[in-house]
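Participant: Below: one structure in structure tokens.
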Amino acid sequence: MRSLLRLRNARIYLIGDVVSSLGDYSLWLAMAIWMKEMTGSSAWAGLVMFCFALGNLFSPLGGVAADRFRRRPLLITANLMAAALVLLLLLVHGRSMIWLVFTVMFGYGLIGSAMGPAQTALLPAIVPAGLLAEANAAQQTLVQGLRLVTPLIGAGLFVWLGAGPVAVIDAATFCVAVGCLAALRVTEPDPRGAPDEVSSATGAEIPSPAEDSRGGSSAGFRYLAAEPVLRAITITLALVLLTLGFTESAGFSVVTAGLHRSASFVGVLGTFQGAGAIAGGILAAPLLKRTSESRLVMAGLALLAIAMVLLTVPNVFANVAAMLIVGPVGPWLMVAAMTALQTRTPAELMGRVAGVFQLALGIPQIASIGLGAALIAFVNYRVLLAAIAIVAVIAASYLLSVPQARRRDVPAGSGEPEPEPGPETAAASAQ
């Protein structure tokens, strides 16, 4: 981590990302609480995040934008648009205007569908190839840390100031992100001047821009389907997410039916999960130096299966242990997946591949949350948790069955880890 933080660009990027994420998480919670207060309905409150997730499903088109334009100017524009969009919430004054809340959240997700792929594609231009795992791990560690405090911050700001000021604060965090992006010293070639043919660094066939003149999102689908390790990791994570959303509903039953405590005890268990997640984020990069991305995914799935089994035990100590064990799962899966994507995808296609990857995980995640909410009404929560554990084992077994995923190798063209630059070389490479 210290090697990463010695890089000026990395420090600036992480500051902008963490400030923007703090505003995002606070606003999302505040909007759900606000909707609950205006309508009295938990279902309407849940629709707030559904609208955001719906907008995120346009990520393949966002990936096209990330490959058609320079990533840093695109991110600056997207952040400014998001800042302007959330300020529209100041116009909402009562239940008759709740449609505007849903519209803003959908637009928020739509902008995010371009920001996600652009950020994924920009990171390799900010840090050396050898530090990508550390950069992804640092992002995950900071995000998990924020999730421990943002529920208090978001709810506290809403109670203290109201929804409007929270929207203004979120808009300000986007402006901070813009300032950080503007301060980065990176040189990006104009994608519109790229050659017609792009050679593959990993053996997968890469369509030329001429073949994708009508938008080009299909190039991301084709590359992800052709690159064996990325394809295997994507299928594995999508399979797991088909059931992982069950935890959104089963979590309350674990506390109320299993432990016979009030629903608020979910927050206590969540604190232990957050602590485990921070530890997982810190450990992710060192583990990746000793193993492959696929093996780290398998390790995360093993922890997931163990944690789900422990949650079926009606004992508070078993449940606390389960939350500590499940904490590293998210960081390990995402750090491994993002690092694999960034090291195995050519720069010219990285936005589109990231957009397709985001979609491939978003659809099963949304579906499983809805399915879990329906099943919990007539299926015991232990059955849902067992289903998650079984699917995790099946997914890990599938990944293990892929020969390329079992190997630990450095993708051709990704380069060996670059030496830590000294003052002179750092200044030169930052220009």
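The values are calculated or read from the model by the stated rules, or taken from the named source; none is laboratory data. What you see is a predicted model; the values in this text were computed from it and never measured. Virtual Cβ from ideal backbone geometry, glycine too; neighbours counted across all protein chains shown.
Participant: Which one of 281, 300, 274 is in a helix (DSSP H, G or I), touching a helix residue (DSSP H, G or I) at 6+ places or on another chain (Cβ under 9 Å), more than 26 Å from residue 407 (Cα to Cα) and of a type outside the set (Asp, Glu)?
Facilitator: Values: 281 fails: more than 26 Å from residue 407 (Cα to Cα); 300 fails: more than 26 Å from residue 407 (Cα to Cα).
Criteria check complete, one pass: 274.
Participant: Checking the conditions here, which among 121, 133 is in contact with a Lys or Arg (Cβ under 6 Å, 6 or more places away or on another chain) and either surrounded by 22 or more Cβ atoms within 10 Å (Cβ to Cβ) or hydrophobic (A, V, I, L, M, F, W, C) (or both)? Quick ask: steps written out before the conclusion?
Facilitator: Details: 133 fails: in contact with a Lys or Arg (Cβ under 6 Å, 6 or more places away or on another chain).
Exactly one of 121, 133 is in contact with a Lys or Arg (Cβ under 6 Å, 6 or more places away or on another chain) and either surrounded by 22 or more Cβ atoms within 10 Å (Cβ to Cβ) or hydrophobic (A, V, I, L, M, F, W, C) (or both), namely 121.
Participant: Within the range 1-80, which helices (runs of 4 or more DSSP H) (wholly inside it) include 3 or more residues that are touching a Ser or Thr at 6+ places or on another chain (Cβ under 6 Å) and under 25 Å from residue 221 (Cα atoms)? Write out each step before concluding.
Facilitator: On the way: elements: 2-5, 8-39, 42-56, 59-68.
Output list reads 59-68.
Participant: Find all pairs meeting these conditions: Cβ atoms under 9 angstrom apart; at least six residues apart or on different chains; first residue within the range 17-30 and free of Cβ contacts under 8 Å to residues at least 24 places away in the same chain; second residue crowded, with 20+ Cβ neighbours inside 10 Å.
Facilitator: none
Participant: Here is a follow-up. Being among the hydroxyl-bearing types (Ser, Thr, Tyr) and either over 30 Å from residue 384 (Cα atoms) or touching a Phe, Trp or Tyr at 6+ places or on another chain (Cβ under 7 Å) (or both) is the filter here; which residues of the range 219-247 pass it?
Facilitator: 223, 234, 236
Participant: Also, I was wondering about something else. Residue check: is residue 329 aliphatic (A, V, I, L, M), assigned by TED's automatic domain parsing to the domain that holds residue 252 and buried (at least 20 other Cβ atoms within 10 Å of the Cβ)? Quick ask: steps written out before the conclusion?
Facilitator: On the way: aliphatic (A, V, I, L, M): yes; assigned by TED's automatic domain parsing to the domain that holds residue 252: yes; buried (at least 20 other Cβ atoms within 10 Å of the Cβ): yes.
It is true that residue 329 is aliphatic (A, V, I, L, M), assigned by TED's automatic domain parsing to the domain that holds residue 252 and buried (at least 20 other Cβ atoms within 10 Å of the Cβ).
Conditions (1) of a type in the set (S, T, N, Q); (2) more than 19 Å from the chain's Cα centre (by Cα); (3) at pLDDT 95 or above, marked per residue:
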site	(1), (2), (3)
43	no, yes, no
49	no, no, no
57	no, no, no
68	no, yes, no
81	no, yes, yes
86	no, yes, no
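Participant: Does residue 84 satisfy being under 29 Å from residue 223 (Cβ atoms) and part of a helix (DSSP H, G or I)? Let's see the steps before the verdict.
Facilitator: Details: under 29 Å from residue 223 (Cβ atoms): no; part of a helix (DSSP H, G or I): yes.
So residue 84 does not fit the description; no.
Participant: Which pairs do you get when a residue that is assigned by TED's automatic domain parsing to the domain that holds residue 323, found in the range 290-309, comes within reach of a residue that is polar (S, T, N, Q) and buried (at least 22 other Cβ atoms within 10 Å of the Cβ), reach meaning Cβ atoms under 8 angstrom, with the pair 6+ apart or on two chains?
Facilitator: Here the result reads 293/339; 297/236; 301/236, each pair linking the range 290-309 to a residue that is polar (S, T, N, Q) and buried (at least 22 other Cβ atoms within 10 Å of the Cβ).
Participant: Could you tell me which of the residues 252, 246 is over 22 Å from residue 341 (Cβ atoms) and either buried (at least 21 other Cβ atoms within 10 Å of the Cβ) or not assigned by TED's automatic domain parsing to the domain that holds residue 374 (or both)?
Facilitator: Details: 252 fails: either buried (at least 21 other Cβ atoms within 10 Å of the Cβ) or not assigned by TED's automatic domain parsing to the domain that holds residue 374 (or both).
Answer to the check: 246.
Participant: Now for a separate question. Find the residue count for the range 42-83, including only residues that are of a type in the set (S, T, N, Q) and either crowded, with 21+ Cβ neighbours inside 10 Å or not assigned by TED's automatic domain parsing to the domain that holds residue 126 (or both). Please lay out each step first, then the result.
Facilitator: Narrowing the range 42-83 to residues of a type in the set (S, T, N, Q): 42, 56, 59, 77, 79.
Now restrict to residues that are either crowded, with 21+ Cβ neighbours inside 10 Å or not assigned by TED's automatic domain parsing to the domain that holds residue 126 (or both): 56, 59, 79.
The number of residues fulfilling the criteria is 3.
Participant: Still on this structure, I have one more. Take the residues of the range 149-168 that are farther than 16 Å from residue 25 by Cβ and small (Gly, Ala, Ser): which is surrounded by the fewest Cβ atoms within 10 Å (Cβ to Cβ)?
Facilitator: Among them, the one singled out is 162.
Participant: In the range 306-322, how many residues are of a type in the set (A, V, I, L, M), assigned to a helix (DSSP H, G or I) and surrounded by fewer than 23 Cβ atoms within 10 Å (Cβ to Cβ)? Quick ask: steps written out before the conclusion?
Facilitator: At the first step, the residues of the range 306-322 found to be of a type in the set (A, V, I, L, M) are 306-311, 313, 316, 318, 320-322.
If we keep only those that are assigned to a helix (DSSP H, G or I) too, we end up with 306-311, 316, 318, 320-322.
Now drop any that are not surrounded by fewer than 23 Cβ atoms within 10 Å (Cβ to Cβ), which leaves 306, 309-310, 316, 318, 320-321.
The total comes to 7.
Participant: Right, something else. Among the residues of the range 84-97, is any surrounded by 22 or more Cβ atoms within 10 Å (Cβ to Cβ) and within 25 Å of residue 357 (Cβ to Cβ)?
Facilitator: Of the range 84-97, the ones surrounded by 22 or more Cβ atoms within 10 Å (Cβ to Cβ) are 86, 89.
Those left that are additionally within 25 Å of residue 357 (Cβ to Cβ): none.
Taking every residue of the range 84-97 in turn, none turns out to be surrounded by 22 or more Cβ atoms within 10 Å (Cβ to Cβ) and within 25 Å of residue 357 (Cβ to Cβ).
Participant: Take residue 396 and decide whether it is of a type outside the set (S, T, N, Q) and modelled with pLDDT under 85. Working first, answer last.
Facilitator: Numbers: of a type outside the set (S, T, N, Q): yes; modelled with pLDDT under 85: no.
Considered against the rule, which asks whether it is of a type outside the set (S, T, N, Q) and modelled with pLDDT under 85, residue 396 comes out as no.
Participant: Filtering the range 226-243 down to residues that are touching a residue at least 40 places away in the same chain (Cβ under 8 Å), in a helix (DSSP H, G or I) and over 18 Å from the mean Cα position of the chain (by Cα), which residue is surrounded by the most Cβ atoms within 10 Å (Cβ to Cβ)?
Facilitator: Step one: list which residues in the range 226-243 are touching a residue at least 40 places away in the same chain (Cβ under 8 Å), which gives 227-230, 232-243.
So of that shortlist, the ones also in a helix (DSSP H, G or I) come out as 228-230, 232-243.
Within this subset, residues satisfying the condition of being over 18 Å from the mean Cα position of the chain (by Cα) are 228-229, 232.
Values: 228: 16, 229: 24, 232: 22.
Filtering first and then ranking leaves 229.
Participant: Would you confirm whether or not the range 325-343 contains a residue that is without any contact (Cβ under 8 Å) to a residue 40 or more places away in the chain and out of contact with any strand residue (DSSP E or B) (no Cβ under 7 Å at 6 or more places or on another chain)?
Facilitator: Among the residues of the range 325-343, not one is without any contact (Cβ under 8 Å) to a residue 40 or more places away in the chain and out of contact with any strand residue (DSSP E or B) (no Cβ under 7 Å at 6 or more places or on another chain), which makes the answer no.
Participant: Check the range 261-276 and report whether any residue there is under 30 Å from residue 230 (Cβ atoms) and modelled with pLDDT of 90 or more. If you could, list the steps in order and put the result at the bottom.
Facilitator: So the first thing to find is which residues in the range 261-276 are under 30 Å from residue 230 (Cβ atoms), and the list is 273-274, 276.
Imposing the further condition that a residue be modelled with pLDDT of 90 or more reduces the set to 276.
Checking the range 261-276: at least one residue is under 30 Å from residue 230 (Cβ atoms) and modelled with pLDDT of 90 or more.
Participant: Among the residues of the range 334-346, is any surrounded by fewer than 19 Cβ atoms within 10 Å (Cβ to Cβ), assigned to a helix (DSSP H, G or I) and not aromatic (Phe, Trp, Tyr)?
Facilitator: No - not one qualifying residue is present in the range 334-346.
Participant: Ok, one more. If you go through the range 1-36, how many residues are crowded, with 18+ Cβ neighbours inside 10 Å and among the charged types (D, E, K, R)?
Facilitator: Of the residues in the range 1-36, 2 are crowded, with 18+ Cβ neighbours inside 10 Å and among the charged types (D, E, K, R).
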